[in-house]
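The values are calculated or read from the model by the stated rules, or taken from the named source; none is laboratory data. Here the structure is a predicted model, which means the values were calculated and not measured. Here Cβ is always computed from backbone atoms with ideal geometry, including for glycine, and neighbour counts include all displayed protein chains.
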Amino acid sequence: MTLDGRRALVTGGGSGIGAACARALSGQGAHVIVADFNRESAERVAVEVGGEPWVVDLGDTAALAEVSLDVDILVNNAGIQQVGPIETYEPAVFARIQRLMVESPFLLIRAALPAMYARGFGRIVNVSSVHGLRASPFKVAYVTAKHGLEGLSKVTALEGGPHGVTSNCVNPGYVRTPLVEKQIADQAKVHGIPESEVVEKVMLTESAIKRLVEPDEVADLVAWLCGPTAGMVTGASYTMDGGWSAR
């Protein structure tokens, strides 16, 4: 129970990687706040882990600017995806993805740091992606946002270090989540291949290990980064991509 007595906030905690992180952190003793846009999902996971739900639209950044957070751990995980070529990509969708996946993490970090600084302890984990380190075609908004998240995480590490606050990214490849499953039809369309071939020919083509990452695998790494033995780990980006970024 290495996180006994700690308060953790996990965004996008109602499903996928976020739900797995909520379970992992709760399993280490943390009280978990499950933040999600979907009320039913947030409440279901919160009940499961003995935490509390926070039903919130993280795209409403004007409201987030007024938030203050009293947490020891912040996991910025919420994200969305839309695939398409740049020349037809909707500017409103591009802006929405930047708000949700860059501006919102910034505002939550900003809201959490004062209490973390006061206690001399904080763990910030930003769920990035291999696409925070490498680009792929037809993902202009997502790749841009994840690269921005990497920079935000590193600056937070430099400022937070003297106050006992660490900030890191985890960078999985394609994870077996609803977000990835929803991409299959769009990927098939833009690449001109059948949906049945998307996982092998698009999602796993760069990986040495030919399978999807499991949410629990990501959550295990997140939980370790939040624990007491990771106090000297900060400003890092931990790949979990089956060898993709080794190329």
Would you check which residues across region 9-68 are in a helix (DSSP H, G or I) and of a type in the set (V, I, T) and list them? I17, V45, V47, V49, T61
Out of V222, V218, V233, which single residue is of a type in the set (A, V, I, L, M, F, W, C), part of a loop (DSSP other than H, G, I, E, B) and at pLDDT 95 or above? V233
Options Q81, Q98: the member that is modelled with pLDDT under 95 and within 27 Å of R176 (Cβ to Cβ): Q81
Name every residue in region 23-55 that is aliphatic (A, V, I, L, M) and without any contact (Cβ under 8 Å) to a residue 40 or more places away in the chain, in order of residue number. V32, I33, V34, A42, V45, A46, V47, V49, V55
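Matching residues to (1) part of a helix (DSSP H, G or I); (2) touching a helix residue (DSSP H, G or I) at 6+ places or on another chain (Cβ under 8 Å); (3) crowded, with 23+ Cβ neighbours inside 10 Å:
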{"site": "E87", "(1), (2), (3)": "yes, no, no"}
{"site": "A95", "(1), (2), (3)": "yes, no, no"}
{"site": "R99", "(1), (2), (3)": "yes, yes, no"}
{"site": "V102", "(1), (2), (3)": "yes, yes, no"}
{"site": "P105", "(1), (2), (3)": "yes, yes, yes"}
{"site": "L108", "(1), (2), (3)": "yes, yes, yes"}
{"site": "A111", "(1), (2), (3)": "yes, yes, no"}
{"site": "Y117", "(1), (2), (3)": "yes, yes, no"}
{"site": "R123", "(1), (2), (3)": "no, yes, yes"}
Residues V180, V143, V170: which one is assigned to a helix (DSSP H, G or I) and either buried (at least 21 other Cβ atoms within 10 Å of the Cβ) or in contact with a Phe, Trp or Tyr (Cβ under 8 Å, 6 or more places away or on another chain) (or both)? V180
